[in-house]
1. Do any of Lys88/Lys184; Lys99/Lys210; Lys92/Lys214; Lys116/Lys214; Lys191/Lys211; Lys99/Lys214 go past 26 Å between their Cα atoms, and which?
2. Which FRET efficiency value, to the nearest 0.05, is calculated for Ala75 and Arg155 with the Förster distance at 25 angstrom and r the Cβ-Cβ distance?
Amino acid sequence: MNYTQTSNTKQLIKLFVLFISTYFFTYKAPNRIKMQKILRNISRYPYTPRIDQKRSFWEYVNMMFNKPDPDRIKAVGADRACAEWVLKNGGKIVWADGKRIEDYNVLPSDDTILPKIIEIDGTDSAISHYGFPHLNGCTMLSKIILHNNNYIDDRALKGLSYAKNTLSHLQISKCVNVTDAGLKELNILEKLQHLILFNLESVNDLEDCKKYLKSQIPKCNIEGNPKQKNEDSL
């Protein structure tokens, strides 16, 4: 067993213990933070599942933390459920009142009326395509950042169609599993006004993708360079 395999075995044990303590003994802040760190660390290992590989065990773990709960969505509404999904997986959200949230535990009780979500920042998070159905019903969601996330792949970009009626600003950067085919799936985002693309090492011809998207979404301003290294967000 090599070092990477040993490290992942240890991470699995930690993740299992934290999962049990989380879902059977309430979702406490220390455990939430540890789980987010473990999921993000797992995604950085060399064998992170790529779209051309068989589904790995770690992808099943990721699915467990991303998969929507229809009963929960029905009980608390689309925006609250979406916020919970993003925050539990290490992302950030911005409410319509301008308040930025990155801690799941600051969410108020379920019976509290919350503003709508207008932005999702998935930088360094573990959100994946399994959770993108959460976007459905978020009627004011206008901006999404997907940066430095190895779980974001072509399936996730296709899943952005759940936000096609409202999404106007999108950044996709440093996501190793995104390919040319995935970028071209963005043609369904007819309301898109601003698209930033960079540091996408699995994209073979970014200029061709940009040209195609421009022909499909002519009003969208598309920026990006495959060799661009800066991490400016929208």
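1. Values: Lys88/Lys184 29 Å; Lys99/Lys210 33 Å; Lys92/Lys214 29 Å; Lys116/Lys214 30 Å; Lys191/Lys211 17 Å; Lys99/Lys214 33 Å.
Correct reply: Lys88/Lys184; Lys99/Lys210; Lys92/Lys214; Lys116/Lys214; Lys99/Lys214.
2. On the way: r = 27 Å, r/R0 = 1.08.
Computed FRET efficiency for Ala75 and Arg155 comes out at 0.40.
Only the coordinates and a few stated rules stand behind these numbers; no lab work does. In this text the structure is predicted, and so the values were computed from the model without any measurement. Cβ atoms come from the backbone with ideal geometry, glycine included; neighbour counts cover every protein chain shown.
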